[in-house]
Amino acid sequence: MPDLLLELLSEEIPARMQSRASADLKRLVTDGLVSRGLTYTHAEAFATPRRLALAISGLSENSPTTREERKGPRVDAPEKAIEGFLRSVGLSREDLTVRDDKKGQVYFAEIVKPGRSAAEIAAETVEEVVRGFPWPKSMRWGGGTLRWVRPLHSILCILTNEAGAEPIALEIDSLKAGSVTRGHRFMAPERIGVQDFESYRTKLDAAFVLLDPEDRKAKIAHDAEQLAFAQGLEVVEDPGLLAEIAGLVEWPVVLLGQIEERFLNLPPEVLQTSMKEHQKFLSVRDPNDGRIVAYIVVANRETVDNGATILAGNARVLAARLSDAAFFWENDLRTPLREMTEKLSHVTFHNRLGTQGERIKRIAELARQIAREVGADPDLAERAALLAKGDLSSEMVYEFPELQGVMGRYYALRAGEDVAVANAAEEHYSPLGPSDVTPSAPVSVAVALADKIDTLTAFWAIDEKPTGSRDPFALRRAALGVIRLVLENGLRIKLLPLFSEGYPGADPDDLLRFLADRLGVYLRDRGIRHDVIAACMELGGQDDLKLLVARVEALQSFLSSSEGADLLAGYRRAVGILGQEEKKDGVEYSLDPHPDLAQNDAETDLFVALDAASDALEAALRDEDFAAAMACLASLRAPIDAFFEKTVVNAEEPMVRRNRLCLLNTIRAVMNRVAIFSVLEGS
């Protein structure tokens with residue numbers, strides 16, 4: 001069984017596109033081969049700055065011959081109908097067979113499609129994939145029609161079997177496929193002939209090209225750690241930047257540079273961000289004090305001076321960048337944080353929601369109110385909310401927006417603000433995502449909740465709600481932030497009053513339903529069923545999320561038990577009969593049933609059990625003891641089962657029938673004090 005090797009060598013592919021491109025190449029080529037009748041055992045794709053490569057092993061030698069039988073017109077059909085059928089199947093009348101059918105004799109055609117060679121199919125598939133490749137952006141060059149991310153220089157495409165390697169007969173816009181590639185652009189630009197994937201990879205290694213991006217990442221990480229360790233330093237981990245750097249070089253050469261002394265007083269986040277965004281440098285810190293003191297440059301070639309010239313050039317560029325950062329830092333420090341905040345009064349937050357300054361005042365009022373609920377000092381919470389967004393008008397955040405909050409903390413500390421106020425400036429944006437750390441300091445929690453609640457109520461008030469995949473104002477993220485702040489800090493806080501205190505015009509109940517939907521997403525990873533959450537939410541007023549989750553978890557645990565499953569079956573039976581009879585009679589059987597109308601022991605026992613469960617439930621729910629509440633429900637299982645076994649609900653006596661239907665309603669009412677069981681799936 002032959003192996004296929006494909007390489008597309010071009011000018012530099014942007015690092016951000018490489019991973020997706022290699023995955024697309026693998027998917028499109030393998031799908032194309034399979035759709036044309038070939039099979040394979042394994043496929044692996046690779047990307048470097050200059051090439052996409054795909055290795056497929058265990059490819060079948062030919063596609064199978066296929067036979068298809070197609071029914072045609074009747075023998076006595078009009079001549080034009082028969083001729084049309086012959087054209088559609090590509091046969092002559094002599095090739096057809098005649099068979100008896102219900103309505104007479106009918107023509108049948110057997111269409112035989114002979115198998116094709118792997119080489120023919122591969123050529124057809126590769127050309128289709130290359131011409132239609134889904135680059136986010138592509139270009140044309142020269143006089144050809146082909147579009148590629150950057151000019152395409154060569155195509156290597158070979159099939160290898162026991163007899164050796166055979167280039168695929170393929171030509172795309174004057175680029176003829178062959179068995180030749182090239183190594184590193186500067187260190188080994190000569191042509192390299194290959195016979196199979198192993199020789200391809202081995203010869204590229206010798207020609208200073210590491211084909212696998214994971215190998216390049218591992219080499220960069222290892223060499224960087226060794227260089228830093230030798231200086232008593234450590235590399236700041238940044239997986240995203242490491243992956244991007246690996247997409248910029250084919251032969252990574254790691255160099256260590258020192259930051260000039262005059263820049264070491266800049267905040268480490270400023271140094272790290274500037275070097276990352278502008279230079280793609282990994283930061284290196286002193287583990288003793290956490291200061292960023294050096295950087296890692298990854299060159300794309302070895303040099304006779306061991307990278308000295310490369311380091312010197314990068315140092316000059318970095319010095320210019322850091323000089324700008326130092327200028328921003330010093331200018332910002334000369335501006336009081338309060339003045340920075342006041343500038344936001346002239347900055348529009350949203351054309352229908354006023355300015356940032358107006359929003360800050362709302363957040364401050366809300367933070368003061370929330371502070372009492374979360375154990376924070378109201379004055380500090382209000383102060384923190386008034387200053388937390390001040391750095392948005394700073395020069396540093398204008399240059400590096402990702403430093404918002406971080407710089408606010410530094411400016412607040414330099415201004416002599418309370419540490420809790422400074423920390424809130426940095427932390428109030430969090431959590432930004434499911435993996436982001438949730439603030440726990442009371443002042444930070446108060447401001448973070450106020451910020452997110454204001455966002456939600458404001459956009460709810462102007463009816464800018466998320467729809468489908470559209471969520472331009474990140475309201476789902478804000479809702480998840482509220483949920484995490486409440487639950488991960490164990491807060492007992494009522495949200496409906498806070499929603500009412502938010503931006504005027506928002507519907508608090510509708511917003512709570514949205515939050516419940518997000519809560520379902522949050523709890524899904526913990527194995528909580530969405531319908532269990534809905535059953536508890538349907539009780540109404542469930543805006544204490546900590547209490548709601550306790551109820552949900554207890555209910556799910558109960559439903560997972562045999563008692564819970566059996567009781568749910570009894571509930572469904574009772575509600576089913578009740579609903580059917582209410583619909584038929586046109587009345588609701590919601591009056592209190594009379595025990596003295598019971599006609600058997602099972603009916604009497606059910607009255608007693610419901611009374612006992614009702615009293616016990618009231619106490620358990622008052623004490624927020626949901627485990628006890630579920631135990632009360634469990635006590636109803638046997639009496640309900642016995643009632644249905646020994647009692648006919650639709651008795652002949654109208655008074656007895658009515659009383660028994662009211663008893664079924666009591667079952668529903670008692671159980672629905674814990675959750676609305678009819679919402680559960682299957683109910």
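The values are calculated or read from the model by the stated rules, or taken from the named source; none is laboratory data. This is a predicted model, so every value here is computed, not measured. Quick reminder, even Gly has a Cβ in these numbers, built from the backbone with ideal geometry, and neighbours come from all protein chains shown.
Worth a mention:
- Only listed residue being under 15 Å from residue 257 (Cα atoms), in contact with a His (Cβ under 9 Å, 6 or more places away or on another chain), at pLDDT 95 or above and not assigned by TED's automatic domain parsing to the domain that holds residue 396, chosen from 318, 282, 322: 318
- Remark: residue 186 falls outside the filter, which requires a residue to be within 38 Å of the chain's Cα centre (by Cα) and within 29 Å of residue 137 (Cα to Cα).
- Criterion (more than 29 Å from residue 210 (Cβ to Cβ), touching a residue at least 24 places away in the same chain (Cβ under 8 Å) and surrounded by fewer than 17 Cβ atoms within 10 Å (Cβ to Cβ)) met by exactly one of 319, 325, 315: 319
- Filtering segment 618-641 to residues that are in a helix (DSSP H, G or I) and farther than 20 Å from residue 575 by Cα leaves 618, 619, 620, 621, 622, 626, 627, 628, 629, 631.
- Subset of segment 85-117 that is part of a loop (DSSP other than H, G, I, E, B) and in contact (Cβ under 8 Å) with a residue 24 or more places away in the chain - its residue that is surrounded by the fewest Cβ atoms within 10 Å (Cβ to Cβ): 103
- Condition met for residue 373 (touching a helix residue (DSSP H, G or I) at 6+ places or on another chain (Cβ under 9 Å), touching a residue at least 60 places away in the same chain (Cβ under 8 Å) and assigned to a helix (DSSP H, G or I)): yes
- The set of residues in segment 330-364 that are of a type in the set (Lys, Arg) and not in a helix (DSSP H, G or I) comprises 334, 352.
- Looking across 381, 367, 441, 422, one residue alone is buried (at least 16 other Cβ atoms within 10 Å of the Cβ), closer than 30 Å to residue 278 by Cβ, in contact with a helix residue (DSSP H, G or I) (Cβ under 9 Å, 6 or more places away or on another chain) and not acidic (Asp, Glu). It is 422.
- Options 650, 600: the member that is farther than 19 Å from residue 576 by Cβ, among the polar types (S, T, N, Q) and in contact with a helix residue (DSSP H, G or I) (Cβ under 6 Å, 6 or more places away or on another chain): 600
- Flag for residue 6 being buried (at least 19 other Cβ atoms within 10 Å of the Cβ) and of a type in the set (A, V, I, L, M, F, W, C): yes
- Test result for residue 451, part of a loop (DSSP other than H, G, I, E, B) and either free of Cβ contacts under 8 Å to residues at least 12 places away in the same chain or under 17 Å from residue 365 (Cα atoms) (or both): no
- Among the numbered conditions (1) modelled with pLDDT of 95 or more; (2) farther than 24 Å from residue 257 by Cβ; (3) not basic (Lys, Arg), the only one that residue 227 does not meet is (2).
- Residue match in segment 349-361 (condition: hydroxyl-bearing (Ser, Thr, Tyr), outside the structural domain of residue 417 (by TED's automatic domain parsing), within 27 Å of residue 451 (Cβ to Cβ) and under 36 Å from the mean Cα position of the chain (by Cα)): no
- The listed residue being farther than 24 Å from residue 540 by Cα and crowded, with 16+ Cβ neighbours inside 10 Å, out of 653, 581: 581
- Meets criteria (surrounded by 13 or more Cβ atoms within 10 Å (Cβ to Cβ), assigned by TED's automatic domain parsing to the domain that holds residue 259 and at positive phi) for residue 307: yes
- Take the conditions (1) of a type outside the set (Phe, Trp, Tyr); (2) surrounded by fewer than 16 Cβ atoms within 10 Å (Cβ to Cβ); (3) part of a helix (DSSP H, G or I); (4) in contact with a Cys (Cβ under 6 Å, 6 or more places away or on another chain); residue 591 misses just one of them, which is (3).
- Any chance residue 400 is in contact with a Lys or Arg (Cβ under 8 Å, 6 or more places away or on another chain), farther than 24 Å from residue 378 by Cα and crowded, with 19+ Cβ neighbours inside 10 Å: no
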